[in-house]
């Protein structure tokens, strides 16, 4: 470009830094308890009004006749001392031909608070998985009345992160994994055992009558309900895997036994809860979100609870905030 044209176009470089999946993983697992404390504190700031939240519903663009889509997920949180603006563009990669190992593909971005250029980018695969695991752990922290034994169905990325962040909360004695791939369940159990030597870990199957956990976490890509409440009733069921129109983790029959909670109201628009509402089995007024739990703890009634998340831009935002403020900066906390 000629100097004369450059003077006319007046281009300026936008500062930008990119963080790949490995960097995101390290930043979110170096201090799991610090990450969870950061999330819980931010949620409490929003619930109390000390921080404000702008969270429009995510927009899903589905491929007709396919099990693939992409989503646009913006969020703004205005803390007393900073503003965090984020947007994630993430795809459901069902074919997995070009990118064979990842069903979640895409990028998340942090915008400069005042000038609105994109100042940081993040690989979305492990960011999405880790924040979903952390969301499950946050639900456990707020809704569990007993947490001695946690059973996790699905020993993939989300199941692993859910176990990692759940144990960071404390009070858990045993974590068990089930998976269609028994070897993968064993691997997840072994990895979590290295994090806390006092923690009992192992594997189980859903038809094992001897396994009666306090908390059941579903982190699958199942097309049929994994839990129907016919045989046993864990005090808390957490479903974080069914976030598309074709995935299912919980059967409508659980509504006869469980009170329903979500991370944000957006989770009522997708997956199992949307199916229940469209069938007239569930009304929006019967669903309680975590902000209400934080401001009115008494909403956790005597019945068991089922918590559902279909992926929240809020948890993306708070996770990116943690990474930029602390996770990428060892010794900050």
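We did not get these values from a lab; they are worked out from the coordinates using the rules stated. What you are looking at is a predicted structure, and each value in this text was computed from that prediction instead of being measured. Reconstructed Cβ throughout: ideal geometry from the backbone, glycine too, with neighbour counts over all protein chains shown.
So what's the Cα pair-distance distribution over segment 133-311, bin width 10 Å, in %?
10, 42, 36, 11, 1
Could you give the length gained on full extension between residue 205 and residue 246, defined as 0.36 nm per residue of separation minus the Cα-Cα distance, in nm? Write down the numbers at each step before the final one.
On the way: separation 41, 0.36 × 41 = 14.76 nm, distance 2.37 nm.
Going from the current span to full extension adds 12.4 nm.
Roughly how many whole Å is it from the C-alpha centroid of segment 288-328 to that of segment 1-45?
Centre-to-centre distance over Cα atoms comes out at 23 Å.
Between the alpha-carbon centers of segment 189-210 and segment 120-174, tell me the distance in whole angstrom.
14
Between residue 112 and residue 89, what is 0.36 nm times their sequence separation minus the Cα-Cα distance? Round to one decimal in nm.
Values: separation 23, 0.36 × 23 = 8.28 nm, distance 1.74 nm.
Taking 0.36 nm per residue and subtracting the Cα distance, the gain is 6.5 nm.
Per residue of the chain, what 222 nm ellipticity follows from adding -39500 (n - 2.57) for every DSSP H run with n ≥ 4, rounded to the nearest 500? The partial results should precede the final answer.
Values: 9 runs with 104 residues, N = 333.
After summing the helix terms and dividing by residue count, I get -9500 deg cm²/dmol.
Between residue 187 and residue 21, what FRET efficiency follows from the Cβ-Cβ distance if R0 is 25 Å, with the result rounded to 0.05? It would help to have the intermediate numbers written out before the result.
Values: r = 19 Å, r/R0 = 0.74.
Efficiency for this residue pair is about 0.85.
Beta carbons within 10 angstrom, averaged per residue: use that to sort the peptides 176-185, 2-11, highest first. Display every interim value, and only then the final one.
On the way: 176-185: 18.4, 2-11: 8.5.
Ranking the peptides 176-185, 2-11 by packing returns 176-185, 2-11.
Arrange 87, 99, 308 by Cβ neighbour counts within 10 Å, fewest through most, would you?
Numbers: 87 18, 99 13, 308 27.
Placing the least packed residue first, the sequence is 99, 87, 308.
How many percent of DSSP beta bridges within the chain run antiparallel, rounded to 5? It would help to have the intermediate numbers written out before the result.
Details: 30 of 62 bridges.
Roughly 50 percent of the DSSP beta bridges within the chain come out antiparallel.
Any idea what % of Cα-Cα pairs in segment 233-333 are farther than 23 Å?
Details: 1681 of 5050 pairs.
Beyond 23 Å sits 33 percent of the P(r) for segment 233-333.
Just to confirm my numbers, what's the Cα centroid distance between segment 243-268 and segment 93-109 in Å?
25
Classify segment 181-237 as rounded, prolate or oblate, taking a ≥ b ≥ c as the square roots of the eigenvalues of its Cα gyration tensor: rounded when a/c is under 1.5, otherwise prolate if a/b is larger than b/c and oblate if not. List each step's numbers first, then the result.
Numbers: a/c = 2.10, a/b = 1.50, b/c = 1.40.
Here segment 181-237 falls in the prolate category.
Expressed in nm to one decimal, what extension gain is obtained for the pair residue 5 and residue 78 from 0.36 nm per residue of sequence separation less their Cα-Cα distance? Let's see the in-between values first.
On the way: separation 73, 0.36 × 73 = 26.28 nm, distance 3.95 nm.
Length gained between residue 5 and residue 78: 22.3 nm.
Provide the three semi-axes, in whole Å and in decreasing order, of the ellipsoid equivalent to the chain as defined by the square roots of 5 times the Cα gyration tensor eigenvalues.
On the way: eigenvalues 227, 94, 89 Å².
After scaling each eigenvalue by five and taking roots: 34, 22, 21 Å.
At 7 Å along Cα-to-Cβ for each site, give me the label-to-label distance between residue 281 and residue 37 in nm.
4.2
Going by the alpha-carbon gyration tensor, a ≥ b ≥ c the square roots of its eigenvalues, is segment 76-217 rounded (a/c under 1.5) or, if a/c is not under 1.5, prolate (a/b greater than b/c) versus oblate?
oblate
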